[in-house]
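Worksheet: one structure, shown below.
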């Protein structure tokens, strides 16, 4: 377990970076040219990013990025 202290500006930057990365993953999951094995890795990455995002974002922000069952398969 690792703990870090961040100020409000740093939290906003972390939120921005995570949102951008999650948006990109969601966009690319809809691309038919990407192989299934790659999409599986992207889904796992999304799960990790979302779990981190939940710790620093408001509940209303989290709802916007809540993974849809069709896009992010649960294991």
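FYI, it's all coordinate maths here, none of it is from the lab. Note that the structure is a prediction, hence the values are computed from the model and not measured.
Side notes on the structure shown:
- Using the rule -39500 (n - 2.57) for each DSSP H run of four or more residues, divided by the residues of the chain, the 222 nm mean residue ellipticity is -22500 deg cm²/dmol.
- The range 8-65: relative contact order in percent, alpha carbon pairs under 8 Å with at least 6 residues between: 45
- Rounded to whole Å, the principal axis extents of the Cα atoms in the range 19-63 read 34, 15, 14, largest first.
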